[in-house]
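The values are calculated or read from the model by the stated rules, or taken from the named source; none is laboratory data. Everything numeric in this text was worked out from a predicted model, so none of it was measured. Counting neighbours? That spans all protein chains shown, and the Cβs are built from the backbone with ideal geometry, glycine included. Only protein heavy atoms, including side chains, enter the accessible area calculation; ligands, DNA and RNA are left aside. Shrake-Rupley method; radii C 1.70, N 1.55, O 1.52, S 1.80 Å.
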Amino acid sequence: MTQSAMYSRVIGTGSYLPLCRVTNQQLVDELARRGIQTSDEWIVSRTGIRARHFSAPEQTSSDMALEAACRALEMAKLKASEIDLIIVATSTPDFVFPSTACLVQSKLGIKNGGAAFDIQAVCSGFVYAFSMADNLIRSGVYRNALVIGTEVFSRLLDFNDRTTCVLFGDGAGAIVLQQSRQPGVLSSVLHADGSHANILCVPGNVQGGMVAGQAFLQMDGQAVFKLAVKVLEKVAHEVLDKAGIDSSLIDWLIPHQANLRIMTSTAKKLGVSDEKMVITVDQHGNTSAASIPLALDVAVRDGRIHSGHRVMVQGVGGGFTWGAILFCM
Ligand code: UT7
């Protein structure tokens with residue numbers, strides 16, 4: 001008798017946005033007070049962003065991750081104690097250590113739990129974490145995983161640098177992945193090329209009680225744009241080929257929400273209509289590792305994505321890192 005294949009399936013989604021919503025015009029006015037010139041027209045036409053959320057000073061990545069995780073657990077109808085794996089993708093952890101995943105585990109009230117660790121792949125972090133959790137579940141080691149992307153990117157922004165500070169926002173998104181005999185994740189592909197490390201980075205670290213180097217985000221926007229467009233198309237075809245599926249069978253495309261122009265270019269090259277793409281970059285800005293689970297949760301809760309739909313998520317970001325996952329809801 002042959003045993004049927006083991007999958008991991010998304011059984012719950014959740015997200016959290018900080019209360020402070022800042023429109024382009026509010027940001028433009030604030031920057032003008034600092035002598036920095038920008039405009040709503042420039043931000044919308046170059047990026048598609050209209051608003052973003054910023055966390056309160058005392059709010060941390062683990063706080064927001066907890067909110068998103070509780071909502072995902074509620075949808076999954078699981079108790080926190082049933083979670084045996086927590087992976088948090090973040091570039092803005094609460095501390096150097098312990099990991100944000102351990103802090104989330106503790107805030108969820110889990111004692112003597114399973115594994116909990118962070119993944120650092122910047123804006124591709126959620127796709128990396130999702131793929132790792134899928135592999136660990138399919139191997140039979142874990143049964144119920146919480147996969148979270150959470151960021152307070154506003155803390156890395158230099159509000160005197162108009163080329164970066166208008167682009168990013170804060171938030172968190174989470175999924176619950178469960179072992180299943182029913183198809184869930186169909187294929188995943190991850191890549192990295194560290195030779196492009198300098199085009200998107202925060203080149204600082206802690207030394208002798210001080211930050212050594214630069215603690216603000218630096219980006220060569222055009223270089224990132226060109227690379228992102230190229231790798232997102234390639235990885236989409238890789239993940240489709242691996243699953244043996246044609247792009248016409250994708251119900252929903254959820255690319256990393258960084259720039260609407262990058263997203264529509266990828267969709268067009270794949271032959272996926274804009275109506276099949278989930279867009280939240282206009283309201284959230286670029287929330288790095290949180291952008292994909294945030295967008296997924298929005299589309300699940302408003303009824304667009306439902307059981308049986310085929311979804312492709314795509315991440316791209318600092319490292320340089322990129323990847324894609326094709327899954328059935
Ligand atoms: O999450 C990781 C992935 N990140 C990304 O995917 C970001 C990828 N890159 C981008 O999204 C775009 O490159 C940006 C949105 C960052 C920039 O758009 P762009 O069309 O590549 O603009 P640019 O950098 O070529 O700048 C065009 C002009 C420049 O002025 P000059 O040199 O032409 O006179 C900039 O100084 O726009 C100027 N500029 C601004 N003007 C008003 C740059 N930032 C601003 C601003 N407001 N905020």
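Express the relative contact order of the chain as a whole percentage, based on alpha carbon pairs under 8 Å and six or more residues apart in sequence.
25
Under the rule of at least 5 residues apart or a separate chain, name every residue whose amide H is placed under 5 Å from the amide H of residue 184.
Under 5 Å from the amide H of residue 184: 8, 328.
Report, in debye and to the nearest 20, how large the dipole of segment 3-180 comes out about its Cα centre when Lys and Arg carry +1 and Asp and Glu carry -1 on their Cβ.
The calculation lands at about 380 debye.
Could you name the lysines whose alpha carbon sits less than 21 Å from that of residue 111, not counting residues in the same chain fewer than 8 places away?
77, 79
Which angle from 0 to 90°, rounded to the nearest 10, does the C-alpha axis of helix 221-243 make with the longest principal axis of the chain?
That works out to roughly 10 degrees.
What whole-number value in Å² describes the accessible area per residue of segment 78-160 for a 1.4 Å probe?
Value for segment 78-160: 40 Å² per residue.
Could you give the dipole magnitude of segment 127-268 about its Cα centre, charging the beta-carbon of Lys and Arg +1 and that of Asp and Glu -1, in debye to the nearest 20?
Taking the Cα centre of segment 127-268 as origin, the dipole is about 180 debye.
On average, how much accessible surface per residue is there in segment 185-328, in Å², for a 1.4 Å probe, leaving out ligands, DNA and RNA?
41
Please express the Cα-Cα pair-distance distribution P(r) of segment 187-228 as a list of whole percents, one per 5 Å bin, running from 0 to the bin with the greatest distance.
5, 18, 21, 18, 15, 12, 6, 3, 1
State log₁₀ I(q)/I(0) for the chain at q = 0.06, 0.07, 0.12, 0.15 Å⁻¹ as given by the Debye formula over alpha-carbon point scatterers of equal weight, solvent excluded.
-0.19, -0.26, -0.77, -1.22
Can you list residues whose amide H is under 5 Å from residue 115's amide H, if they're 5+ apart or on another chain and H is modeled 1.01 Å from N?
86
Rounded if a/c is under 1.5, else prolate if a/b beats b/c, else oblate: with a ≥ b ≥ c from the C-alpha gyration tensor eigenvalues square-rooted, which is segment 84-235?
Oblate, since a/c reaches 1.5 and b/c is not below a/b.
Checking the cross-link filter: which lysines have an alpha carbon closer than 24 Å to that of residue 230, excluding same-chain neighbours under 8 positions apart?
Reachable lysines: 242, 268, 269, 276.
Taking the Cα centre of segment 185-328 as origin and charging only Cβ (+1 Lys, Arg; -1 Asp, Glu), how large is the dipole, in debye to the nearest 20?
So the magnitude is around 100 debye.
At 1.4 Å probe size, with the rest of the protein present, what percent of the exposed accessible area of the chain is carbon and sulfur atoms? Display every interim value, and only then the final one.
Numbers: 7450 of 14010 Å².
Reported share for carbon and sulfur atoms: 53 percent.
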